[in-house]
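Please read the structure below before turning to the comments.
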Amino acid sequence: MSWTLFRKVFRDLRWGLVFVALLLAVSQIIRAKITDRITNELIPELTKHIGFDKLIDILFKGTGKLLETEREVHADATEFTGKAKVRLDAAMKTALDKHPGTIMKIEYEIENSGSVAYEFDIKTADGKTLEVEVDAVTGKLSDPEEVLFQVGK
């Protein structure tokens, strides 16, 4: 009796099982491709630019805690413009006076604390890219951070 029941259940479910098996196979292929690209393309490229020791330091050192959260908004967002007292041109001058170079990117940010800031990516004469923030209320310049790699645009 149980063998007959098993055959009937399997007959009804077989296409579903085949579909699930195919989905699992495709997901494993995608995982393998991603792992291959990370291992053979991304890690060697990062190692070439910043060195193996620095890469290991970035990936595995530290507390493992989230240090900063921020939200990027459009230049005309009222939650930014309503708080900002420093104009964009003044913030750019402040950043470039301290860190000469070419501004490659401008972001308008709202920090987790609610404060607003301009963030500039500046390409310096020696080819480094620095990320600096200018507080949009006080005009205070943050310490620069060297951009070693960028995720996204």
Would you check if MET104 is touching a Ser or Thr at 6+ places or on another chain (Cβ under 8 Å) and either within 30 Å of GLY127 (Cα to Cα) or not in a strand (DSSP E or B) (or both)?
-> yes
Given (1) of a type in the set (A, V, I, L, M); (2) exposed (fewer than 12 other Cβ atoms within 10 Å of the Cβ); (3) assigned to a helix (DSSP H, G or I), ALA125 misses just (3)
Could you list all residues from segment 137-151 that are open to solvent by less than 90 Å² (accessible area, probe 1.4 Å), modelled with pLDDT of 90 or more and out of contact with any strand residue (DSSP E or B) (no Cβ under 7 Å at 6 or more places or on another chain)?
-> GLY139
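Going by the conditions given, is THR94 polar (S, T, N, Q) and either under 30 Å from ILE43 (Cβ atoms) or part of a helix (DSSP H, G or I) (or both)?
Working: polar (S, T, N, Q): yes; either under 30 Å from ILE43 (Cβ atoms) or part of a helix (DSSP H, G or I) (or both): yes.
It is true that THR94 is polar (S, T, N, Q) and either under 30 Å from ILE43 (Cβ atoms) or part of a helix (DSSP H, G or I) (or both).
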Is it true that some residue in segment 21-40 is part of a helix (DSSP H, G or I), open to solvent by 80 Å² or more (accessible area, probe 1.4 Å), basic (Lys, Arg) and within 21 Å of THR138 (Cα to Cα)?
-> no
So which of THR63, THR78, THR47 ends up being surrounded by fewer than 14 Cβ atoms within 10 Å (Cβ to Cβ), among the hydroxyl-bearing types (Ser, Thr, Tyr) and more than 18 Å from GLU145 (Cβ to Cβ)?
-> THR78
Consider ALA91 against the criteria (1) within 23 Å of LYS123 (Cα to Cα); (2) exposed (fewer than 12 other Cβ atoms within 10 Å of the Cβ): it satisfies all of them except one. Which criterion is unmet?
-> (2)
Kindly list, by first and then second residue, each pair from a residue in segment 110-122 that is over 18 Å from LEU141 (Cβ atoms) and free of Cβ contacts under 8 Å to residues at least 60 places away in the same chain to a residue that is part of a loop (DSSP other than H, G, I, E, B) and of a type in the set (Val, Ile, Thr), limited to pairs with Cβ atoms under 8 Å and residues at least 6 apart or on different chains.
-> ASN112/THR69
Filtering segment 106-122 down to residues that are at pLDDT 95 or above and exposed (fewer than 15 other Cβ atoms within 10 Å of the Cβ) yields ILE106
Single residue of LEU55, LEU5, LEU42, LEU17 found to be touching a Leu at 6+ places or on another chain (Cβ under 7 Å) and of a type in the set (A, V, I, L, M, F, W, C) = LEU55
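The values are calculated or read from the model by the stated rules, or taken from the named source; none is laboratory data. Just so it is clear, the structure is predicted and the values come from calculations on it, not from any experiment. Don't worry about glycine lacking a Cβ; one is built from the backbone with ideal geometry, like all the others, and counts go over all protein chains shown. Remember, those area values only see protein heavy atoms, side chains included, never the ligands or the DNA or RNA. Shrake-Rupley method; radii C 1.70, N 1.55, O 1.52, S 1.80 Å.
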